[in-house]
Amino acid sequence: MHTIAVVDDDPITRETLKSYLEGEGYRVMLARDGDQLSALLARGRIDLLLLDIRLPGKDGLMVTRELRATSNIGIILITGRSDRMDRIIGLELGADDYITKPFEPREILARTRSLLRRVARPGQSPTTQPLSGRIKRFEGWELHLDKRRLRDPGGEDVRLTSAEFDLLAALVEHQGRVLTRDDLLDLTMRGDNVPYDRSIDRLVRRLRRVIEADPAEPTRIVTVHGMGYLFQAAVE
């Protein structure tokens with residue numbers, strides 16, 4: 001049974017999500033702020049957070065930054081419709097996804113299920129889990145587009161956030177073509193994201209730390225000065 005923590009200072013939101021997710025078979029824990037979340041994390045494993053950005057004290061963005069420094073826990077941010085820049089910053093800091101209030105519980109459930117499929121459980125060996133669907137291969141790496149998985153040359157799953165995966169997929173699928181930041185925003189952003197081209201630069205730096213032998217001297221995702229980025233590794 002997967003364990004989900006709902007972190008929101010609104011008791012109605014907490015209880016609504018708890019009732020719905022427990023009805024779908026999940027174990028749900030509740031916290032009203034970052035301090036209560038820390039106490040929950042100290043007590044045992046949590047697979048995924050539904051994390052409100054607007055928390056009292058330590059806000060959701062700060063919580064995301066701190067968790068990403070030490071943990072691969074799944075993080076879905078809960079935001080208001082006016083929090084567009086916060087959503088972008090949250091994805092840059094390592095959140096996997098976001099959902100805006102007011103939300104449909106079924107949308108929460110769909111995003112939760114999708115993310116949990118990408119979060120490895122203890123004791124599971126990713127190399128024993130067969131993957132199918134569309135696959136792009138480059139220099140020993142495998143990008144599974146349908147399953148939203150990246151595997152390294154040793155066959156191990158590599159954890160990417162949703163924003164990182166979308167950017168890598170766009171680059172790989174347009175191998176050999178220079179993509180401007182605007183191109184990449186068009187290929188990766190979802191409906192209510194606002195254009196923010198510097199977020200692309202930050203995501204590229206993070207991807208280079210994952211797939212480049214030397215991120216300071218990249219050979220796969222290269223910068224074409226004055227234009228944008230080029231994925232130049234051969235893709236099968």
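The values are calculated or read from the model by the stated rules, or taken from the named source; none is laboratory data. Computed from a prediction, not measured in an experiment: that's the story for all the values here. Using ideal geometry, Cβ is built from the backbone for each residue, glycine included, and neighbour counts are taken over all protein chains shown. SASA here: full protein model, heavy atoms, side chains in, ligands and nucleic acids out. Shrake-Rupley method; radii C 1.70, N 1.55, O 1.52, S 1.80 Å.
Ignoring everything except DSSP H segments at least 4 long, calculate the 222 nm mean residue ellipticity for the chain; use -39,500 (n - 2.57) per segment, divide by total residues, nearest 500. Provide the component values of the computation, followed by the final result.
On the way: 8 runs with 90 residues, N = 236.
For the chain, the value works out to -11500 deg cm²/dmol.
Mind checking the angle between helix 105-118 and the chain's longest principal axis? C-alpha axes, 0 to 90 degrees, to the nearest 10.
Approximately 50 degrees, to the nearest ten.
On a 0 to 90° scale, report how tilted helix 11-23 is relative to the longest principal axis of the chain, with both axes built from alpha carbons and the result rounded to the nearest 10.
Helix 11-23 sits roughly 70 degrees off the main axis of the chain.
Tell me, in nm to one decimal, what length is gained between Met227 and Glu156 on full extension, where the rule is 0.36 nm per residue of separation less the Cα-Cα distance?
Numbers: separation 71, 0.36 × 71 = 25.56 nm, distance 3.36 nm.
Extra length available between Met227 and Glu156 comes to 22.2 nm.
With a 1.4 Å probe and all protein chains kept in place, how do Asp166, Asp146, Asp96 rank by accessible area, largest first?
On the way: Asp166 40, Asp146 85, Asp96 0 Å².
Ranking Asp166, Asp146, Asp96 by accessible area, largest first, yields Asp146, Asp166, Asp96.
Under 13 Å from a point 7 Å along the Cα-to-Cβ line of Arg84: which residues of the stretch 158-173 have their amide N that close?
From the stretch 158-173, the list is empty.
Using Cα atoms only, what is the angle between the long axis of helix 162-173 and the major principal axis of the chain, expressed in degrees (0 to 90) to the nearest 10?
It works out to around 20 degrees.
Which FRET efficiency value, to the nearest 0.05, is calculated for Lys101 and Val210 with the Förster distance at 35 angstrom and r the Cβ-Cβ distance? Before the final figure, lay out each step's value.
Details: r = 32 Å, r/R0 = 0.91.
It comes to 0.65.
Quick one: with all protein chains in place, what share of the accessible area of the chain is carbon or sulfur, to the nearest percent (1.4 Å probe)?
Values: 5490 of 11550 Å².
Within the chain, the accessible surface is 47 percent carbon and sulfur.
Going toward the positive end of the dipole of the chain, with +1 on Lys and Arg Cβ and -1 on Asp and Glu Cβ, which of Ala170, Val6, Leu21 do you reach last?
Leu21
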